[in-house]
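Trainee: Quick one: structure below, then a few questions.
Rule-based calculations on the coordinates, nothing more; no lab input. From a predicted model like this one, the values you see are computed outputs, not experimental measurements. As a convention, Cβ positions derive from the backbone with ideal geometry for all residues, glycine included, and neighbour counts pool all protein chains shown.
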Amino acid sequence: HGTINVILRGGTYRLSSPLVLDSRDSGRSSKAQIVWRAASGELPVITGARKVSKWTLFDSTRGIYRAKVPAGSSSLQVFVNGRRAARARGSTNPVGFTRTADGYTTSDTAMASWGNQSDIELVTLTQWKTMRCPVASITGQQITMQQPCWNNVNVFPYLWSFQLVTRVENAYELLDSAGEWYLDEPGGWLYYMPRVGEEIGRSRAELPVAE
């Protein structure tokens, strides 16, 4: 009948699942609106991110820290002190990859010993598109890609399909630069190499887990 105001007090509201609004959350006329707003002078933050803390030094040689997160946590992003960090990745346009029907052969024999192989992704930048596909397995020098992703990214003509490997992402073994992170989903560990000047124990780290 009249306008309904939903007033959010200041603070951080962490979601474990997406906040879904549909037609039932809309007013039925210009005189019967549902308005969501912050309380006067206050700053509410609705976030799908989990706060990450209690870091411990994991690899002193490379300066890698890790923190426990719930096993099964999945994310493509990490923010530290409000800045997006980079997911662990290899060099751009790596050599030694030869395309096959099921994926690639590689000259890098060490890849077969990498952990969590089904979480590793190959990325290609072709024309105006960025495409990524997860690995199914690595045996010897043969990289087999996951289906149906591999078929889906190769339905296009040659120039627009998944041909060249622009980079490899999301393996602990690729964690080698300051500001990079790796999420061990099955084990429930987030690994991070702090940037210059970052004291990880005093840093604010956020792991987005919900839309």
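Trainee: Could you rank the peptides 20-29, 64-73 by their average count of other C-beta atoms within 10 Å per residue, with the highest value first?
Mentor: On the way: 20-29: 8.8, 64-73: 16.0.
By packing density, highest mean first, the sequence is 64-73, 20-29.
Trainee: Just to be sure I understand the model, the point goes 7 Å from the Cα along the line to the Cβ. What's the resulting residue 107 to residue 3 distance in nm?
Mentor: 6.8
Trainee: By how many nm would the segment from residue 132 to residue 210 grow when fully extended, if each residue of separation counts as 0.36 nm and the alpha-carbon distance is taken off?
Mentor: Taking 0.36 nm per residue and subtracting the Cα distance, the gain is 26.0 nm.
Trainee: What is the chain's relative contact order, in percent, from Cα pairs under 8 angstrom and six or more apart in sequence?
Mentor: On the way: 422 pairs, mean separation 57.7, N = 211.
27 percent.
Trainee: Defining a contact as two alpha carbons under 8 Å apart and six or more residues distant in sequence, what relative contact order in percent does the stretch 12-102 show?
Mentor: Taking the mean separation of contacting Cα pairs over the length of the stretch 12-102, I get 19 percent.
Trainee: Any idea how far the Cα center of the stretch 1-75 sits from the one of the stretch 168-211, in Å?
Mentor: The stretch 1-75 and the stretch 168-211 have Cα centres spaced 21 Å from each other.
Trainee: If the cut-off is a Cα-Cα distance under 28 Å, which lysines reach residue 51, setting aside same-chain residues fewer than 8 apart in sequence?
Mentor: Cα-Cα hits under 28 Å: 68.
Trainee: Another question, if that's okay. Taking 0.36 nm per intervening residue step and subtracting the Cα-Cα distance, what contour gain separates residue 146 from residue 161 on full extension?
Mentor: 3.8 nm
Trainee: Next question, about the same structure. Could you work out how far apart the two model spin labels at residue 35 and residue 84 are, taking each label as a point 7 Å from the Cα in the direction of the beta carbon, and quote it in nm?
Mentor: 3.3
Trainee: A further question follows. Provide the net charge surrounding residue 121, with neighbours chosen by a C-beta distance below 10 Å and charges set as Lys +1, Arg +1, Asp -1, Glu -1.
Mentor: Here the count lands on +2.
Trainee: Compute the Cα gyration tensor for the chain, then decide on rounded, prolate or oblate, letting a ≥ b ≥ c be the square roots of its eigenvalues: rounded whenever a/c is under 1.5, prolate when a/b is larger than b/c in the other cases, and oblate in all that remain.
Mentor: Verdict is oblate for the chain.
Trainee: Below 11 angstrom from the Cβ of residue 162, what's the summed charge of the other residues (Lys, Arg +1; Asp, Glu -1)?
Mentor: Details: positive: 99, 129, 132; negative: none.
It works out to a net charge of +3.
Trainee: Once you order the gyration tensor axes a ≥ b ≥ c over the Cα atoms, which shape class does the stretch 113-175 get: rounded for a/c under 1.5, otherwise prolate or oblate by comparing a/b with b/c?
Mentor: The shape class here is prolate.
Trainee: Mind listing the phi-derived Karplus ³J(HN,Hα) values for the stretch 142-148, rounded to whole Hz, using 6.51, -1.76 and 1.60 with θ = phi - 60°, and x for any glycine or proline?
Mentor: 9, 9, 9, 8, 6, 9, x
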